[in-house]
Amino acid sequence: MGRIVGIDLGTTNSLVAYLDPQSGAPKCVPGPSGSTLCPSIVSLDPDGSIIVGEPARRRLLTQPERTIYSVKRLMGRGPSDIQSELKLFPFRVDPSSDHVIRVRLGRKVFTPPEISSFILRELKNWAEAYFNEAVDRAVITVPAYFNDAQRQATKDAGRLAGLEVLRLVNEPTAAALAYGLHEKQRGKVAVYDLGGGTFDISVLKLISTSEGDIYQVLSTNGDTHLGGDDIDNLLQAFAHEEILATDQIDFSPHGELAQELRRELIAVKHRLSQADSVTLRFPLPNGKVFVHEFTRGALEALIRPVVDRTMVPVRQALGDARLKPTEMDEVVLVGGATRTPLIRRTVQEFFDRKPHTELNPDEVVALGAAVQANILDRGVRNMLLLDVTPLSLGIETYGGAVAKLIPRNSTIPAGAQELYTTGVDNQTGIDIHVLQGERELAKDCRSLARFTLRVPPAPAGLPRIEVKFLIDANGILQAGAKDIRTGEERSIEVQPSYGLNDNDIERMLEESIEYAEQDFAERQTIEAKTEAETILKATAKALANPNAASLSQPERVKIEVTTAALQDAMEGSDYKLIRKQIDELNRATGHLAELLMNSAVQTALEGKKLGEV
Amino acid sequence: MSTLPTTTNPPLVCWNCHERTVGTHFCPGCGKVLQLPQQSDYFAMLELPRKLWLEMSVLEHKFLQLSWKLHPDNFVNASQEEREISLKRSSELNDAYRTLRDPIARVEYLLAVEGARKEGENKQQAPPELLEEVFELNESLDELRDAKASGGDTASLKQRLEAAEKNFEQKLAEVDGRLQATAREWDKAIDDNADEAARKQVMAKLNELLNRRSYIRNLVVNVRKELL
């Protein structure tokens, strides 16, 4: 088994972290550039290869039609859900989209879990390069307010990336875990998490028991379509209007100029966290320059509606936990957008308490995921996370109403059962529609799945079928049925309303080989064998050199023995053994190399003056 | 959403070591997590008597203690079978805690396991002594809806409904008080080892109070919705 990591699969950036055994503290893994942030941007190169992260970001400007960002907004959603997003995001949704969205990159079409799997695979490669060891299991974080389909889509992405997803952990809970470990916090903690595309609020109770620390989530709430992106969209809409008014240039939101402007505006936003005013100078295609002075006050006026929207779930979560804002012992800020001074102020005023910002808000979720990964990997028994389901689970009843079976904020795993019978004689099926949400009518809730319960023919009312619903520790629903009269259990064929079914996944797993790099061990073995062949050739050539004649007999024997050992190792696929034998041979040929080097230097110097060397 | 694996009925013998078992949660023979026996209930699971007054801190302590042992985190590297049992057991524990923590859900559950929970023949039917007030309330609600639809004056109607809402909220509090008193009767019947007839009488009373409570609660919820 390979290593396990914690991954924060974010809207804007993704990170991978691990628990450092020496310090016992979680750490983020840096990528090739040295940064721990991998921009969640994917680009399809014209040669068919997949480019992820910073290199893909550059292509947002040069090849926007082959590049996608913020794909997390599409996870677990259907085409009709995202009409409002399409006005603001340059997603090219393919007409073939049905229960799952398909996005076009160049000439190819991908589902959101596939695109997310490319990001996960990139992070897996970062970690493998860092550890020089295979990584095959992960804990992945999701917004606490993600529904079943969004969670399932994330799990599917992990599977497509060649990772066994041991657990999905809610982002604010992961952050609390990282802070708890760091600060030894106790009592009631509120986590305010404003990410690139999602907002979560979780209220936790940290309990010390004789067995260890328990992180019990009391309530959670949020908005899976509210984040820093919305602030950027407001800024962009504002700038587009200004430019239209002053220069009569209408920006298409899809164009590369709009992307460039967006990037500049984000930079302005970041600088306004420190500075009181920032002047933007943006060259326009008509040769003029758009100049605008942004003040912090004006920015705050612009983004206040977004900040106010976050406070609705905050109040709801506190109400559900039956707590007042001032009853919280600690408040924690998570997510890059919480660097905004207006957000810090608003949260501080609401809770009447200075929020914690000690840990890097970009990294803290990944760090918490690494802590949970370590708990699961090593069976650490001194920490326990008890999370909740963010949305009530229900079934459709007569007249399109919803009967709630598992209320929101129930500790997971959670279960419920419902007894069904037939309404007419010899009825052979009962249709069941499973939903998630707080509204009273089925049409206002999120459809999770529909299935037909098979019933043996019998007089009406006689069959008694118990359907069991179970939300697992990942917040994902499972369903099963039992015939009460016979005691026979039966499985249920479920067609998810949104998302991939098993056949889709199988097909994608096959297709993914096209993009997948080889398995880590396989790749290492191939590299080690290539290196071994090079050194074997060089050794044979060196031994044939007249200058090798001065080698002693024991030295020659040693070289022969280690050469044979390396050749043996190459028969197998243990790359560590091959590397060990390469080292052995390198040591054995040390003197030989020296002899040849000296003679080569002599040859090279012959006939030359010293000054020419 | 995925399909729940099918499992066999909870056995009287341990699924792992095949010894006859008497443990509540773990096999005394081999230490493996056990399926819950069919006749078990939430009270037994949390090692509590079937009584209605619970010390919340005791309940929470039991819940946390068992969570340490039964949570799926502890079984990540276990066999598929043991993982599935742990998932089931852990969900049952959480369901038990959620139910027993809530005083009303606790009474409903007790009556259900005792086979004494009978919902009203017709949930829409008002208790006789409330008939007149309910009739008035419904009339006011209709008037408010009409006024809203025709854009007429709603202020005075709203005032009347707010008063009615307060009135029914007070009745709800009364029912809750009577439920509490009857719950104490139940606990006393258990402590005194009262005969079945006496117990059944208390349960019938509890059942009637639950039905009344749910009726009044629906009224209040409906009024609140119209007043929003």
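Values in this text are rule-based calculations from the coordinates and carry no lab data. As the structure is a computational prediction, the values presented were derived from the model and not from experiment. Neighbour counts run over all protein chains shown; Cβ positions are idealised from the backbone, glycine included.
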With n ≥ 4 as the cut-off for DSSP H runs, can you work out [θ] at 222 nm for chain B, using -39500 (n - 2.57) per run divided by the number of residues, rounded to the nearest 500? -21500 deg cm²/dmol
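Indicate the gyration tensor shape class of region A:136-233 (rounded, prolate or oblate), computed on the Cα atoms with a ≥ b ≥ c the square roots of the eigenvalues: a/c under 1.5 is rounded; otherwise a/b larger than b/c is prolate and the rest oblate. Display every interim value, and only then the final one.
Values: a/c = 2.23, a/b = 1.25, b/c = 1.78.
Because a/c hits 1.5 or more and a/b fails to exceed b/c, region A:136-233 counts as oblate.
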Between A:Val557 and A:Ala129, the FRET efficiency computed from the C-beta separation at R0 = 35 Å comes out, to the nearest 0.05, as 0.35
Label A:Ser208 and A:Asn545 with points 7 Å out from Cα along Cα→Cβ: what is the distance between them in nm? 6.8 nm
With an 8 Å cut-off on Cα pairs and a minimum separation of 6 or more residues, tell me the relative contact order of chain A in percent. 13 percent
Per residue of region A:535-540, in order, report the coupling 6.51 cos²θ - 1.76 cosθ + 1.60 (Karplus, θ = phi - 60°) as ³J(HN,Hα) in whole Hz, putting x for Gly and Pro. 6, 5, 4, 4, 5, 4
What is the spin-label model distance, in nm, from A:Ile484 to B:Gln170 if the labels are put 7 Å beyond Cα along the C-beta direction? 4.2 nm
Residues meeting the amide H criterion for A:Tyr420 (H placed from the backbone, H to H distance under 5 Å, 5 or more places apart or on another chain) are A:Ile465, A:Glu466, A:Val467
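List the relative contact order of chain B as a percent without decimals, with contacts defined as Cα pairs under 8 Å and 6+ residues apart.
Working: 180 pairs, mean separation 40.5, N = 228.
After rounding, I find 18 percent.
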Cβ-Cβ cut-off under 15 Å around B:Ala194, Lys and Arg +1, Asp and Glu -1: the net charge is 0
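Listed highest first by mean packing, meaning other Cβ atoms within 10 Å per residue, what order do A:220-229, A:363-372, A:502-511, B:42-51 come in? Mind dumping the intermediate values first?
Values: A:220-229: 24.3, A:363-372: 29.9, A:502-511: 13.0, B:42-51: 16.9.
Peptide ranking by packing, descending: A:363-372, A:220-229, B:42-51, A:502-511.
At R0 = 41 Å, how high is the FRET efficiency between A:Asn360 and A:Arg587 if r is their beta carbon distance? Nearest 0.05 is fine.
Values: r = 44 Å, r/R0 = 1.07.
So the FRET efficiency works out to roughly 0.40.
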Provide the per-residue ³J(HN,Hα) series for region A:94-103, in order, calculated from phi with Karplus coefficients 6.51, -1.76, 1.60 and θ = phi - 60°, each as a whole number of Hz, with x at glycine and proline positions. 7, x, 6, 4, 10, 7, 9, 6, 10, 10
Counting only DSSP beta bridges with both partners in the protein assembly as shown, the antiparallel fraction in percent, to the nearest 5, comes to 75 percent
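Net charge within 10 Å of B:Ala147 by Cβ-Cβ distance, Lys/Arg positive one each and Asp/Glu negative one each, not counting B:Ala147 itself? The partial results should precede the final answer.
Values: positive: B:Arg145, B:Lys148, B:Lys158; negative: B:Asp142, B:Glu143, B:Asp146, B:Asp153.
Counting the neighbours of B:Ala147, the net charge comes to -1.
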Between 0 and 90 degrees, rounded to the nearest ten: what's the tilt of helix A:364-378 against the longest Cα principal axis of chain A? 80 degrees
When the Karplus curve 6.51 cos²θ - 1.76 cosθ + 1.60 is applied with θ = phi - 60°, which whole-Hz ³J(HN,Hα) does each residue of region A:318-333 get, with x for Gly and Pro? 5, x, 5, 7, 6, 10, 8, x, 6, 7, 6, 7, 9, 10, 10, 9
Treating the angle as unsigned and between 0 and 90°, give the value, to the nearest 10°, between the Cα long axis of helix A:256-271 and the longest Cα principal axis of chain A. 80 degrees
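Order the peptides A:330-339, A:288-297, B:147-156 from the highest to the lowest mean number of other Cβ atoms within 10 Å of their residues. Don't skip to the end; give the middle numbers.
On the way: A:330-339: 24.1, A:288-297: 14.2, B:147-156: 10.6.
Result, highest mean first: A:330-339, A:288-297, B:147-156.
Which shape class applies to region A:393-486: rounded if a/c is under 1.5, otherwise prolate when a/b exceeds b/c and oblate if not, where a ≥ b ≥ c are the square roots of the Cα gyration tensor eigenvalues? Please list the in-between numbers first.
Values: a/c = 2.55, a/b = 1.55, b/c = 1.65.
The shape class here is oblate.
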Which angle from 0 to 90°, rounded to the nearest 10, does the C-alpha axis of helix A:228-247 make with the longest principal axis of chain A? 90 degrees
Residues whose built amide H sits under 5 Å from the amide H of A:Leu405, excluding neighbours closer than 5 in sequence, are A:Leu393, A:Gly394, A:Ile395
FRET efficiency for B:Cys30 and A:Ala403 from the Cβ-Cβ distance with R0 = 45 Å, rounded to 0.05, comes out at 0.65
Count the net charge of all other residues whose Cβ sits under 12 Å from the Cβ of A:Glu506, scoring Lys and Arg as +1 and Asp and Glu as -1. -3
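Would region A:25-81 count as rounded, prolate or oblate if I go by the C-alpha gyration tensor, calling it rounded below 1.5 in a/c and otherwise prolate when a/b exceeds b/c, oblate otherwise? Show your work: numbers first, answer last.
Details: a/c = 2.60, a/b = 1.25, b/c = 2.09.
It comes out oblate by the Cα gyration axes.
Return the calculated 222 nm mean residue ellipticity for chain A, to the nearest 500 deg cm²/dmol, obtained by summing -39500 (n - 2.57) across DSSP H runs with n ≥ 4 and dividing by the residue count. If you can, show how the numbers build up before the last one.
Values: 15 runs with 236 residues, N = 613.
Helix contribution divided over all residues of chain A: -12500 deg cm²/dmol.
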Using a basic spin-label model with each label point 7 Å from the Cα along Cα→Cβ, how many nm lie between A:Glu54 and A:Arg464? 6.6 nm
So which lysines pass the test for A:Lys580, namely a Cα distance under 20 Å, with those fewer than 8 places away in the same chain ruled out? A:Lys529, A:Lys537, A:Lys558
So for A:Leu376, A:Leu86, B:Leu111, A:Leu44, fewest C-beta neighbours within 10 Å to most, what's the order? A:Leu86, B:Leu111, A:Leu376, A:Leu44
Can you list the residues, at least 5 places off or on another chain, whose amide H is less than 5 Å from the amide H of A:Thr36, using H built in the peptide plane? A:Gly31
